[in-house]
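What follows draws every value from the coordinates through simple rules; no lab data is involved. Keep in mind that what you see is a predicted model, and the values were worked out from it rather than measured.
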Amino acid sequence: MSKSLEKNDIEKIASVLGAVKVNYDADHFRIKVDNKEEKRSLVLEVYPETQLGKERGMLVVVYTGNVHLQLHNCTGYVVSDELGEVTFIAETPERLSGLVVERGASCSSYSAINRELISSDFTQLGVEVMLSGVALSLAEEILSSDKDGKKKK
């Protein structure tokens, strides 16, 4: 799946995250999420199509008080109302990277994960490895190809 985000996608993402502010700029969307109880806030910026070196692609950026994360060449996203989070995915035939943004103004980043990990038997993995597999397995439905580069049906 490689799809450009549009205003209705951003509205859905902002709703799940409980955004306190959404800006629609010429080249990107900006979403602010606050968690007053835990004194956290973050800003999520999505550039649906921007120059990434010699190529163009989607860029997802998260700013918090003490972290700056970027996911280049984002190929899709999954919204989970139940978990109150949005998972952004970048994929290659062998690897997945993901950026998970949560309603509580927190985020997690998972980089260069082996594709097989998301469909593994999690009980056979160490806790430190299992977490990334579980987190990115939510996005399995949007992946465009398997590890051999074949399109999913």
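Between 0 and 90 degrees, the angle of helix 7-17 with respect to the longest Cα principal axis of the chain falls at about 90 degrees. In plain terms, the C-alpha convex hull of region 7-142 casts an average shadow of 9.0 nm² when viewed from every direction.
Seen against the Cα atoms of the chain and their longest principal axis, helix 127-137 is set at about 80 degrees. Backbone phi angles across region 51-61, fed through the Karplus curve with coefficients 6.51, -1.76 and 1.60 (θ = phi - 60°), yield HN-Hα couplings of 6, 10, x, 8, 10, 10, x, 8, 10, 10, 10 Hz in residue order; Gly and Pro are listed as x.
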